[in-house]
There are 2 protein chains.
Amino acid sequence: MKFLRVAFPLLLLAASLCFSAVAEKLIHALRPQFGCAGTGLNLTGVSCTSWQLAVETHNLRDWPSVPTACESYFGNYMLGGHYRNDSRVVVDEAIKYALDFKSSSPRGIDIWIFDIDETSLSNLPYLSQHGFGVEPINHVLFAEWILKGSAPPLPETLKLYNVLIKLGIKVVFLSDRTEKFSASTAQNLKRAGYHTWHKLILRNPKTNGTELQHKSDVRDMLQRNEYRIVGNIGDQWSDILGSPEGERTFKLPDPMYYIS
Amino acid sequence: MKFLRVAFPLLLLAASLCFSAVAEKLIHALRPQFGCAGTGLNLTGVSCTSWQLAVETHNLRDWPSVPTACESYFGNYMLGGHYRNDSRVVVDEAIKYALDFKSSSPRGIDIWIFDIDETSLSNLPYLSQHGFGVEPINHVLFAEWILKGSAPPLPETLKLYNVLIKLGIKVVFLSDRTEKFSASTAQNLKRAGYHTWHKLILRNPKTNGTELQHKSDVRDMLQRNEYRIVGNIGDQWSDILGSPEGERTFKLPDPMYYIS
């Protein structure tokens, strides 16, 4: 695997400098190293950390794939403790917000919108075999992967899910996966620990327009049907931008692909 | 200075690992070290890099000050090459967008909104003396600093400004500085290299509400007066959220304070 060949000497150095948290077995079974993603600088002078920040803050948009020179940086970022730490801060804030919110007066049915890929489920077992976003998505191979229904959960998101279920906030999964993946997606969610949900809304392949528009339209429909969207969490800006956004939005990290 | 005492041994280590770009003399006259902001992990187990990403992506809101344990991390981040590199990627994208935009058909007077503090002008000479955001802002001392009118420009923003002026896109400075700072702000902008502008809009101290609401109201007023807001750049989410946002927004990094 190219990533391992290129990155291994760097990883040994990084291991001596960085702390890596103890993490869930499913995602971390993939982990080839300790590491905090190194310095994020590569030999051609491109700063992968600056590229990453610009992506996560939505300054860079519509990029087709991860810069080739950043493959080992993002491999290390995703499989070391760094991605988990970044996700943890977001989810801890979401949980704090949800606990506070419960004291507000009820208005309709309280729901929380969860995106699926790279939010509720992780495709890292697939993406780690395909350059962590350096290779543009191969839709045939990716469909085969989804149909297996074996993606692990993002452990932080599962923690938020369990808190919300206990609080009585209903969960709505809203995804750009098309409806032909309904059965495998439902099976995968249950297998990953998401035992119950209020709705699982996948995309009708006949709908046109961007994902941002599609998700915004669905949220609008839900709100007109007496639902109150307490929170909305996703890894893409298209999951959380577009009116109505929900009472509060949470953006998980994802440096591997962009969906408009 | 506490930052130097704590950080110096770490900085020597970081200097051997990281690249620091050659940078403008005004900001970098302050620079006490080479560095890429180290690993971003401190001794208490808090990850300053994860905190920073959550701030920059607007997952953490209304935080009163930078975590004390992150003072040396952010000192190094701001004064080393890392902050400049992060800003450069944002501004390069803004320039690319502006050059593309010029081919679109005219509609009203084209303007670009610039925030002032930590966007057009840098208060680093002040903030570096006050813990890089660890100390909450002292409004008396900060007012004295502003009245001096000696803040340097953010070099990347000045580069964008010069491109826009050449393209014939007019510049509007819009700030939460109150009108009592009009003269010193205008003098400071000119001294920093911003030689001309279409409007300089400061805040009437009698207006209530958040900065987000204030800036949104001003943009709405401008749009109703036949202006087309081509772009909008700021370091705070309150600079760029709130309808109308402008045709496109750009978020510069700022881990040192939060304005709602």
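The values are calculated or read from the model by the stated rules, or taken from the named source; none is laboratory data. Fair warning: this is a prediction, and the values are worked out from it, not measured in the lab. Every residue, glycine as well, gets a Cβ built from its backbone with ideal geometry; the counts of neighbours run over all protein chains shown. These area figures cover heavy atoms from the full protein model, side chains too; ligands, DNA and RNA do not enter into them. Shrake-Rupley method; radii C 1.70, N 1.55, O 1.52, S 1.80 Å.
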Pseudo-label separations to other copies for A:Asp62 - Cα-to-Cβ vector, 7 Å, nm: 3.7
Of every Cα-Cα pair in region A:50-175, the percent that sits beyond 20 Å: 55 percent
Cα centroid separation - region A:242-260 against region B:178-251, whole Å: 26 Å
Over 20 Å (Cα to Cα) - which of B:Lys96/B:Lys190; B:Lys148/B:Lys199; A:Lys159/A:Lys251 fall in this group: B:Lys96/B:Lys190; B:Lys148/B:Lys199
For B:81-93, mean number of other protein chain Cβ atoms within 10 Å: 5
With all protein chains modelled, accessible area of B:His82 [1.4 Å, Å²]: 30 Å²
Antiparallel bridge percentage (DSSP; both residues within region B:87-251; nearest 5): 5 percent
Along principal axes, Cα extents of region B:87-251, largest first, whole Å: 47, 33, 27
Rg in Å to one decimal, and Dmax rounded to a whole Å, for region A:184-260 via C-alpha atoms: 13.3, 36
At 7 Å out from Cα toward Cβ: A:Pro125 inter-copy label distances (nm, ascending): 5.9
Rg/Rh for region A:137-208, where both radii come from Cα atoms and Rh is the Kirkwood radius: 1.00
Packing-based order for B:183-190, B:230-237, B:62-69, using average beta carbon neighbours within 10 Å, highest first: B:230-237, B:183-190, B:62-69
FRET efficiency, A:Lys148 to A:Lys199 (Cβ-Cβ, R0 22 Å, nearest 0.05): 0.40
Heavy-atom accessible surface of region A:86-251: percent carbon and sulfur, 1.4 Å: 53 percent
